[in-house]
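As structure tokens, the structure follows; a few thoughts come after it.
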Amino acid sequence: MKDKTGVAIPGKPLAGDTRLILEERARLLARTPESKADKGEMLEVQAFHMGTEYLGVPTNMVQEIQPLHAHRWSRVPCVPAFITGIVNLRGRVYSIMDLAAFWGLPSRPISESAHILLVRGVNQSDNQEIELTLLIDDCAEVRIVRPEELNPPPSTVSAKVQTYVRGVTPDMMMIVDLESLLSDPGIIVSEGE
């Protein structure tokens, strides 16, 4: 802005300066983000605990996370031990799968901090979409993981668990391979089982 004599007033942008500032902002906002190849492929995961295990699942497959105690849920008779029950989320009924029980890990009580993690993916054998909720003990954080930093699961982890683990981070978080899990016919409970 200029005073009556035409001299610029310090701290006040000139009308032309405002236009230049706005054009620069528009250029910055319109630029294309750096490609993943430039930064290296990254994997965003939702981290959580399940008993003593520290796990992560890809966030692109997570639909929502809810505290279990905030919902009405019920146990279901005559289902495998890894099905904790069912829950109604906004009018849709989902199975609650205890991944620890499915993997044969020691059982644990359902805590006050328990959450359900609604995941969605495609069953690779029949290309059908599948949704279910995983019972988790807490909801930790969202983390970024570099796939090249993942190590194979240690030999102390059972073969069944290794089947569903994509890799282990340096701080021992196991990344769950949800595609394999959701494609396993063993998670489908049919009448008469």
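Computed values, structure above
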| item | result |
| --- | --- |
| Given (1) of a type in the set (D, E, K, R); (2) within 30 Å of E112 (Cβ to Cβ); (3) at pLDDT below 85, number of the condition E41 does not satisfy | (2) |
| Given (1) within 22 Å of S183 (Cα to Cα); (2) of a type outside the set (A, V, I, L, M); (3) over 19 Å from the mean Cα position of the chain (by Cα), number of the condition D98 does not satisfy | (3) |
| All positions within the range 73-85 that are surrounded by fewer than 16 Cβ atoms within 10 Å (Cβ to Cβ) and within 14 Å of I110 (Cβ to Cβ) | S74, R75, A81 |
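Residues checked against (1) within 20 Å of S95 (Cα to Cα); (2) not basic (K, R):
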{"position": "E129", "(1), (2)": "yes, yes"}
{"position": "C139", "(1), (2)": "yes, yes"}
{"position": "V145", "(1), (2)": "no, yes"}
{"position": "P152", "(1), (2)": "no, yes"}
{"position": "R166", "(1), (2)": "no, no"}
{"position": "D171", "(1), (2)": "no, yes"}
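Okay, residues lined up against (1) buried (at least 16 other Cβ atoms within 10 Å of the Cβ); (2) in contact with a helix residue (DSSP H, G or I) (Cβ under 6 Å, 6 or more places away or on another chain):
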{"residue": "A100", "(1), (2)": "yes, no"}
{"residue": "E148", "(1), (2)": "no, no"}
{"residue": "P153", "(1), (2)": "yes, yes"}
{"residue": "V161", "(1), (2)": "yes, yes"}
{"residue": "V165", "(1), (2)": "yes, no"}
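The values are calculated or read from the model by the stated rules, or taken from the named source; none is laboratory data. None of these values were measured; they are calculated from a predicted model. Quick reminder, even Gly has a Cβ in these numbers, built from the backbone with ideal geometry, and neighbours come from all protein chains shown.
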